[in-house]
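Enquirer: Dumping the structure here so I can ask a few things about it.
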Amino acid sequence: MKREIALVGAILLSSALAATSEPARGEGVRASASPASASENERCTSCHADIAAEWSSSLHRSAFRDASFARGYAIERLAFCRSCHAPEADPRDEPDAWSADHGVTCTSCHGATVSAAHDATPAKRAALGVRVCAGCHEFGFPEKDSDPRAPARAEPARMMQRTAAEHASGPHAQTSCATCHLPKVGEGASRHASHRFGITRSREALAAALTASGRRDGGAFVLDLAPKGVGHAFPTGDMFRRLRVVVEVGPDGAEPTARFERRLARTFGMVKGRRAEIEDTRLFGPTAFTFPLPPAAEGQPVRFRVGYQRLVNVPSGNRLTARTERVEEELVLAEGRVP
Ligand code: HEC
Ligand code: HEC
Ligand code: HEC
Ligand code: HEC
Ligand code: HEC
């Protein structure tokens, strides 16, 4: 595994060198550093102070400094990672302090200069709402023989993230990413598209996107889960995310008579020597989960809990196993009790 990563790193280095000819990460996202980047961004923030303040507490801003990223990056220190998490720097080297501190910044999405950002034709505006996002939110595993930034060439199972494809094939395809993720805030002249993007650390934002209710059906317990206003799978994006459903049956305050656990997640393994998805159990729409109750649990109350987990580790073998996985955080999104 270590050796494979080193090899992939070397190949990526050469593809980063070649990347200037192929703008595969969406318009506005550059593959190499511009010395003018810092000064152009200072200009944006001096005129658009509200937006700058929202952005400065977003995960886009801390995409390179964030502790979760830093932990993953310590294991796989690749140009590949830097090209999205510190996109203002030349990915061939460790980013300079400014690029590391600014992560995904104004010019990463709006284009390299003030005039590029202000020259918003309708086509450019439409691209900003979906295509620019897809440039970073849709990509394949880094492999020896393919460019991970050319997702069109990768099969769905070999995509590391595929939020744009999930969006394009789902019921919200006609609603842009920006419509949901940059809601209008403020009044009058200061009304603007919010750049706060706070989701994965917010229990409130995540819980608002899920309805959960339990019922009995003969000898079984049924948990109905439905995403609310989610434009893609729930969860989407980073592969180390999942929903965990726990169902426990038994008298209140006592050891459960029966316990069930389901993970709604993508699972990866090695298929013909390459990393690929082998199962996807995430929520794509309203889904009923049925748990057959053992006779001993008859008449006893049922408790359920749905948690959103962020995991720490990357798969080192064939799959994440209960023995090797480590949960960084679990936010409880829904809980209930059916008498
Ligand atoms: C000298 C002040 C100034 C600077 C510098 C500046 N802007 Fe603006 N920008 C404005 C004003 C004024 C508007 C029009 C009113 C509004 O939408 O806030 C505007 C509008 C915009 C719009 C909306 C364009 C549209 O489609 O209608 C975007 C996007 C934008 N700016 C981004 C940027 C970015 C990114 C930067 C830095 C690269 C930047 N601006 C630098 C003043 C500035
Ligand atoms: C240059 C790459 C890049 C572009 C372009 C980009 N993103 Fe991101 N986005 C990231 C990275 C990297 C993260 C994760 C940062 C982290 O957690 O370390 C992220 C995180 C997010 C999150 C989660 C934020 C949170 O607080 O949990 C959302 C939502 C998101 N992006 C939406 C969008 C949308 C919508 C667009 C297009 C308008 C977009 N992104 C464009 C790289 C990008
Ligand atoms: C992750 C991508 C992303 C980043 C980073 C980003 N923007 Fe934007 N910005 C967008 C999108 C998408 C829109 C269009 C929203 C819409 O259509 O409603 C937008 C809209 C704007 C607008 C017009 C707002 C309005 O409601 O009229 C301004 C001004 C702006 N951005 C400035 C900035 C500044 C300044 C920064 C840096 C502090 C920045 N943006 C960083 C994606 C981004
Ligand atoms: C119909 C509204 C809607 C649209 C359209 C939409 N999203 Fe989301 N998105 C949500 C909601 C609600 C959540 C919170 C639930 C969740 O985490 O999936 C979310 C979560 C996310 C997250 C956080 C990761 C996670 O844990 O799931 C990312 C990243 C993201 N969206 C990116 C995008 C991108 C990129 C697009 C466009 C290709 C997009 N979204 C389109 C509503 C939307
Ligand atoms: C093509 C762009 C791209 C590349 C390359 C990339 N990432 Fe990301 N990464 C993202 C986006 C976009 C997100 C946010 C998705 C979400 O929130 O669901 C993200 C999220 C993450 C997260 C989750 C952080 C959190 O806050 O929960 C970690 C950790 C991470 N990336 C590490 C890495 C590492 C390590 C590499 C290199 C091996 C890498 N990424 C390569 C785009 C990229």
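Enquirer: Report the full-extension gain for the segment residue 168 to residue 259: residue separation times 0.36 nm, less the Cα-Cα distance, to one decimal in nm.
Expert: Stretched fully, the residue 168-residue 259 segment lengthens by 29.1 nm.
Enquirer: How much length, in nm to one decimal, is gained on full extension between residue 330 and residue 71, taken as 0.36 nm per residue of separation minus their Cα-Cα distance?
Expert: Length difference between fully extended and current span is 91.5 nm.
Enquirer: A further question on this structure: Less than 15 Å Cβ to Cβ from residue 301, Lys/Arg counted +1 and Asp/Glu -1: what total charge do the surrounding residues give?
Expert: Local net charge: +1.
Enquirer: Now, a different point. Would segment 185-339 count as rounded, prolate or oblate if I go by the C-alpha gyration tensor, calling it rounded below 1.5 in a/c and otherwise prolate when a/b exceeds b/c, oblate otherwise?
Expert: oblate
Enquirer: Per-residue HN-Hα couplings for segment 278-286, Karplus 6.51 cos²θ - 1.76 cosθ + 1.60 at θ = phi - 60°, whole Hz, x for Gly and Pro?
Expert: Per-residue couplings from phi come out as 10, 7, 9, 10, 5, 7, 10, x, x Hz.
Enquirer: Based on alpha-carbon centroids, what's the gap between segment 196-230 and segment 325-339 in Å, whole number please?
Expert: Their Cα centres are 11 Å away from one another.
Enquirer: Residue 217 versus residue 125, label points 7 Å from Cα toward the beta carbon: distance in nm?
Expert: Computed distance between label sites residue 217 and residue 125 equals 4.6 nm.
Enquirer: Also: Along Cα→Cβ, 7 Å out, is where each label goes; now give me the distance between the ones at residue 43 and residue 270 in nm to one decimal.
Expert: 5.2 nm
Enquirer: I'd like the distance separating the alpha-carbon centroids of segment 245-312 and segment 92-138, in whole Å.
Expert: Computed from Cα coordinates, the inter-centre distance equals 39 Å.
Enquirer: Next question. What does the extension gain come out to for residue 279 and residue 252, with contour length at 0.36 nm per residue minus their alpha carbon separation?
Expert: 6.2 nm
Here, each number is a calculation from the coordinates, and none is a lab measurement. Because the structure is predicted, anything quoted here is derived from the model rather than measured. Heads up, the Cβs are rebuilt from the backbone with ideal geometry, glycines too, and the neighbour counts pull from every protein chain shown.
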